[in-house]
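Have a look at the structure below, then the notes.
The values are calculated or read from the model by the stated rules, or taken from the named source; none is laboratory data. Just so we're clear, the structure is a prediction, and the values are computed from it rather than from any experiment. Here the Cβ positions follow ideal geometry from the backbone for every residue, glycine too, while neighbour counts run over all protein chains shown. When the accessible area is computed, the model is the full protein with side chains, heavy atoms only, and any ligands, DNA or RNA have been set aside. Shrake-Rupley method; radii C 1.70, N 1.55, O 1.52, S 1.80 Å.
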Amino acid sequence: MRKQAEWGNFRPPSPGAPEVPDAARRGVDPLPLALLKYGLNAGYRDAPQLRWQPEFKKNYDVIVIGAGGHGLATAYYLASRHGITNIAVLDKAWLGGGNTARNTTIIRANYLTPEGVAFYKESVELFRGLSEELDINIMYSERGHFTLAHTDAAMRTARWRAEVNKHLGVDSEVIDADEVGRLCPTLNMSEDVRYPILGALYHPPGALARHDAVAWGYAKGAMARGVEVHPGTEVTGILKQGNRAVGVETDRGTIYGGKIVQAVAGSSSRVSARAGFRLPIKTIPLQACVSEPVKPILDQIVVSGSLHVYISQSARGEMVMGGTTDPYGLYSSRSTFEFKEGLMAHMLELFPFMSELRVLRQWAGIADMTPDFSPVMGLTPVENYYIDAGWGTWGFKATPVCGFRMAECVATGRQPDLLRPFALDRFHNFDLVGEKGAASVGH
Ligand SMILES: Cc1cc2nc3c(=O)[nH]c(=O)nc-3n(C[C@H](O)[C@H](O)[C@H](O)COP(=O)(O)OP(=O)(O)OC[C@H]3O[C@@H](n4cnc5c(N)ncnc54)[C@H](O)[C@@H]3O)c2cc1C
């Protein structure tokens, strides 16, 4: 795999660890040697050292509900960019164990609306420097992202997206079927199938990254600056004085906070109801699975909106596959046979070699879906209460920009320009951000 083999973000992680340039001077291939020495010498010294606080303080400047990537990133940027460190991040389960742990890690900026493209572009830029920023290898791997078009309508949308992308400085172009087949040789380009491939929206910066490392990295960086993370702590109520949030009730007691940030993904409507306002969000399970690992065979990320499937190959060799959301709302992360059966029927049309592989693992997360496929971010009708929600099936790629801009919003008490289109009041002002045409698969 091209980019992975380069290990673009690798760097010797701690003092005393081997220096790649030394090895290079001796004429030895620096990377394997550096990796070997790192494995033998550095060991786990560089692994995140996360120390839990057994007890709460009485008061915090900021309480973040949800220790997923978004909540942790917000705490990290509050501490590192705004000097606010008296923060508690609370999670009813464990660090990064929600959708952050369950997603298929596709990162891209090839959206449809100018608001969306500008927002995800900033996230991709932050992702590119994240290993350096957090001093942890998030294994950022640029693969190229193909949104296949099987109909004239899909080709039209691809052209539209490509033009918006180019206009805003995002690298995307429409390519024809021959070029798709050349760039992605494992794809079945036969015309003797239900939905022959006519072309694709090709987005070279499309990437994958290690989701756990993103969550741990933000947690490590935040905790090193004094932020507390409290797993096993469910927020059961929001304390208010008039219309101002002043604290939270948890299953471990009450805590007070100057500002409160809600970043709970699939539980968004439930938690906002405790704060006293409603969200235009439906909660729907989203499933994924991986095959047994095989040698590198698919370098690219391939998505088909018409067939409702997408696929990439992980660094471990597993084929990582997903599709559309389940057809009904539910607060459950169970897996179903129907999902797997439907997914495979379509996948085999694109990649017939998949019939040789067995599914190794299957799982689900809980997606908070908005009607316009865009997030809900920033200020809320409750004073001092901030929200980061509506991340549906597309929020991992936004983790850095969410943290960065939510931290700005909380620190200044103002909606940053980049987040203005995603304010909750757009649903009252009939000013939606129609991002549906850029959903990775049809929902
Ligand atoms: C199968 C699947 C595939 C996906 N693939 C992609 C993809 O390829 N690319 C992409 O960009 N996005 C993808 N997503 C979406 C992405 O995973 C999410 O949008 C993103 O992870 C949301 O991050 P988060 O930090 O907001 O939420 P989470 O990681 O879910 O964190 C929220 C946390 O809040 C906690 N919580 C909830 N209620 C409470 C409470 N009352 N008190 C305290 N804590 C609480 C939960 O325990 C959880 O840890 C996918 C999602 C799924 C399920």
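Looking at this structure, is Ser314 hydroxyl-bearing (Ser, Thr, Tyr), within 13 Å of the ligand (Cβ to nearest atom) and open to solvent by 10 Å² or more (accessible area, probe 1.4 Å)?
For Ser314, the condition - hydroxyl-bearing (Ser, Thr, Tyr), within 13 Å of the ligand (Cβ to nearest atom) and open to solvent by 10 Å² or more (accessible area, probe 1.4 Å) - is met.
Quick check: is even one residue across the range 379-391 within 28 Å of Leu148 (Cα to Cα) and not charged (D, E, K, R)?
Narrowing the range 379-391 to residues within 28 Å of Leu148 (Cα to Cα): 390-391.
Pick out the ones that are also not charged (D, E, K, R) and you get 390-391.
Yes, that holds for at least one residue.
Assuming Gly378 fulfils every condition listed in (1) modelled with pLDDT under 95; (2) of a type outside the set (Phe, Trp, Tyr); (3) more than 14 Å from the ligand (Cβ to nearest atom) apart from one, which condition is it?
Result: Gly378 fails condition (1) only.
Looking at (1) away from the ligand (no atom under 13 Å from the Cβ); (2) among the acidic types (Asp, Glu); (3) buried (at least 23 other Cβ atoms within 10 Å of the Cβ), can you tell me which one Glu383 breaks?
Exception for Glu383: condition (3).
Output the residues belonging to the range 329-358 that are in contact (Cβ under 8 Å) with a residue 24 or more places away in the chain and among the polar types (S, T, N, Q).
Across the range 329-358, the qualifying residues are Ser332, Ser333, Ser335, Thr336.
Does Ala93 satisfy being within 6 Å of the ligand (Cβ to nearest atom), under 26 Å from Arg270 (Cβ atoms), in contact (Cβ under 8 Å) with a residue 40 or more places away in the chain and open to solvent by 10 Å² or more (accessible area, probe 1.4 Å)?
yes
Within the range 182-191, identify whether any single residue is without any contact (Cβ under 8 Å) to a residue 12 or more places away in the chain and either closer than 25 Å to Leu78 by Cα or in a helix (DSSP H, G or I) (or both), and answer yes or no.
yes
Rundown of residues vs (1) at pLDDT 95 or above; (2) open to solvent by 10 Å² or more (accessible area, probe 1.4 Å); (3) closer than 24 Å to Gly247 by Cα, yes/no style:
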residue	(1), (2), (3)
Met321	yes, no, no
Thr324	no, yes, no
Trp363	yes, yes, no
Thr370	yes, no, no
Lys397	yes, yes, no
Val410	yes, no, yes
Phe422	yes, no, no
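So, in the range 326-369, of the ones that are small (Gly, Ala, Ser) and within 18 Å of Ile284 (Cβ to Cβ), which residue ends up nearest to the ligand (Cβ to nearest atom)?
Residue satisfying both the conditions and the ranking: Gly365.
Within the range 75-90, which residues are aliphatic (A, V, I, L, M) and within 14 Å of the ligand (Cβ to nearest atom)?
Answer for the range 75-90, where residues must be aliphatic (A, V, I, L, M) and within 14 Å of the ligand (Cβ to nearest atom): Ala75, Ala88, Val89, Leu90.
Would you check if Ala158 is under 24 Å from the mean Cα position of the chain (by Cα) and assigned to a helix (DSSP H, G or I)?
The answer is yes for Ala158.
Of all residues in the range 155-191, which are small (Gly, Ala, Ser) and open to solvent by 50 Å² or more (accessible area, probe 1.4 Å)?
The answer is Gly169, and nothing else.
When the residues of the range 253-302 are narrowed to those that are assigned to a helix (DSSP H, G or I) and among the charged types (D, E, K, R), which ends up nearest to Ile238 (Cα to Cα)?
So the residue we want is Arg274.
Where residues in the range 107-138 are among the β-branched types (Val, Ile, Thr) and out of contact with any Ser or Thr (no Cβ under 7 Å at 6 or more places or on another chain), which of them is nearest to the ligand (Cβ to nearest atom)?
Ile107
Kindly list, by first and then second residue, each pair from a residue in the range 74-86 that is outside any loop (DSSP other than H, G, I, E, B) to a residue that is surrounded by fewer than 21 Cβ atoms within 10 Å (Cβ to Cβ) and among the β-branched types (Val, Ile, Thr), limited to pairs with Cβ atoms under 6 Å and residues at least 6 apart or on different chains.
Close Cβ pairs (under 6 Å, with a partner that is surrounded by fewer than 21 Cβ atoms within 10 Å (Cβ to Cβ) and among the β-branched types (Val, Ile, Thr)) amount to Ala79/Thr85.
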